[in-house]
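Every number in this text was worked out from the coordinates using simple rules, so none of it is lab data. Just so you know, these numbers come straight off a predicted model, no measurement behind them. Here the Cβ is made from the backbone with ideal geometry for all residues, glycine too, and neighbour counts use every protein chain on show.
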Amino acid sequence: MSAPTRPALDFQAAFAARVRGMTASAIREILKVTQQPDVISFAGGLPAPELFPLADVKAAAARVLDTYGPAALQYSTTEGHPPLREWIAAQSGIPAQNVQIVTGSQQGLDLLGKILISEGDTVLVEAPTYLGALQSFQPYLPNYVQLPTDEGGIDVDALEGILKTTRAKLLYAVPNFQNPTGRTLSVERRRRLVELTAEHGVLVIEDDPYGALRFSGEALPSLYALGLELAGDVDRNHVIYSSSFSKTLVPGLRDAWVQAARPIIQKLIMAKQGADLHTPTLNQMIITELLPILPRQIEIVKQAYGERAQHMMARIAADFPGGVDHTVPEGGMFLWVTLPHGIDTQAMLPRAVERKVAYVPGSPFYALGGGENTMRLSYCTATPAQIETGIKALGDTIREALD
Ligand code: PMP
């Protein structure tokens, strides 16, 4: 018996309007090409796995199961494991009820998008910005406005002009060692950004997964702390803060948090219930058990990333042609390279891969386009020998493109 013929279901027509514009991440597509084993990749965004505290995680997992028994494997509250919330709250001197545990800060971004962005709302983002945030916000159909940036981060004079002429809902920023540029927003600019956004009634999402990984310079106050100072009340702070254990401990346990005014946290709890009920109980307990080793672990990671960044910058100085600029990160995992105008880093990538080196072209990090002559380099997973060989090959590729 032959199957009845009926028209094939039109999957494209079935998709919700909010996902029709969704395309595979440009970076994931690029990473596929760069993952050949003999290619030295500065393209990845992963923390260095050899620094993971494997033995400590193993011991912590065993202790958690011995201590909590089945409760470690049971459903738990949406807000998060109380001792973990309390520890995070104590770090900022705020009540635990202002902290929400999330399944990676990526989930925090998605849930914040869900509760804050209506179709057409104006969202201000740095140019360039974290691509994952754009992916999280995109289904909620924002209208992006790009904020110009320079070495000191967001240009706050430009921000002031934009706020005067645009009714913005939200500003999203990564003030410490930004992904993708490695830049840090200066303290004067932090103050002005917080004051200007408060004045114009614009909420701020401060995404800070790298803040603890400062390997040079002085720690700066968070936008959240400045917002709290200005508001004088934790429940009136217009800055929402997000951070994560992904870059300091391990990313695979997917433990991160959002701290914000109660009205925001209350809606976040409801949105999270709909998304995943709660962050895995066992993972939260393991992270809590690992808190005593966190300071030591941060030192190990900072030291390693600082050395790798120094080494990469020294090799760039030696092997890149003139006319190429790069940022000087004070922490985090990335530096940002700007080539002379006219060189398209996306078009140059196959040439680089032929020379067995890879990077991420900069333009996907721009919400509205730009940065064709830029690239992101990660220094955190490369060995000194790979940095030497890879930067030399990249220098040769750039020189060839300049000819
Ligand atoms: N924000 C930024 C700026 C990031 O770079 C990353 C990780 N690449 C995230 C959020 C997501 O981190 P998590 O592992 O906590 O979800």
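Just need log10 I(q)/I(0) for the chain at q = 0.13 Å⁻¹, Debye formula, equal scatterers on the alpha-carbon atoms, no solvent, rounded to two decimals. Here log10 of I(q) over I(0) equals -1.16. Each of V19, V239 was scored by other Cβ atoms within 10 Å of its Cβ. Listed from fewest to most, they are V19, V239.
The simple spin-label model puts a point 7 Å past each Cα toward its Cβ; for R167 and E299 those points are separated by 5.4 nm.
Label-to-label distance, R399 versus A8, with points set 7 angstrom from Cα along the beta-carbon direction: 5.1 nm. Select from A59, A256, A48 the residue whose mean-square fluctuation is largest in a Gaussian network model of the chain (Cα-Cα springs shorter than 10 Å). Most flexible of the set in this elastic network: A59. All C-alpha pair distances within the stretch 188-291, sorted into 5 Å bins from zero, spread as 2, 11, 18, 19, 18, 16, 10, 4, 0 percent across the bins. Full extension of the chain segment joining D325 with I269 gains 15.8 nm, where the gain is 0.36 nm per residue of separation less the Cα-Cα distance.
With K and R counted +1 and D and E -1, the other residues having a Cβ less than 10 Å from that of V202 yield a net charge of +1. Remark: for residue pairs K32/K247; K58/K356; K169/K302, the C-alpha separation exceeds 29 Å in K58/K356; K169/K302.
Between E195 and Q35, what FRET efficiency follows from the Cβ-Cβ distance if R0 is 60 Å, with the result rounded to 0.05? With a Förster radius of 60 Å, E is 0.85. Near A133, once Lys and Arg are set to +1 and Asp and Glu to -1 for all other residues with Cβ below 14 Å from its Cβ, the sum equals -4. When DSSP beta bridges are limited to those with both residues in the stretch 71-292, what percentage is antiparallel, rounded to the nearest 5? In the stretch 71-292, approximately 35 percent of DSSP beta bridges are antiparallel ones. Computed over the stretch 172-213, the P(r) tail beyond 11 angstrom holds 66 percent of alpha carbon pairs.
The Cβ shell under 9 Å around T184 holds other residues with a net charge of +1, Lys and Arg each +1, Asp and Glu each -1. Between the beta carbons of N143 and D66, assuming R0 = 60 Å, the FRET efficiency works out to 0.70 to the nearest 0.05. Taken along its principal axes, the alpha carbon cloud of the stretch 1-107 reaches lengths of 61, 42, 37 Å, longest axis first.
Roughly speaking, what is the centre-to-centre gap between the stretch 254-312 and the stretch 26-60 when only Cα atoms are used, to the nearest Å? What the calculation gives is 19 Å, centre to centre.
Relative contact order of the stretch 71-292, taken over Cα pairs closer than 8 Å and 6 or more residues apart, is 28 percent.
Taking square-rooted eigenvalues a ≥ b ≥ c of the alpha carbon gyration tensor, is the stretch 71-292 rounded, prolate or oblate, where a/c under 1.5 means rounded and, failing that, a/b exceeding b/c means prolate? Note, shape of the stretch 71-292 comes out prolate.
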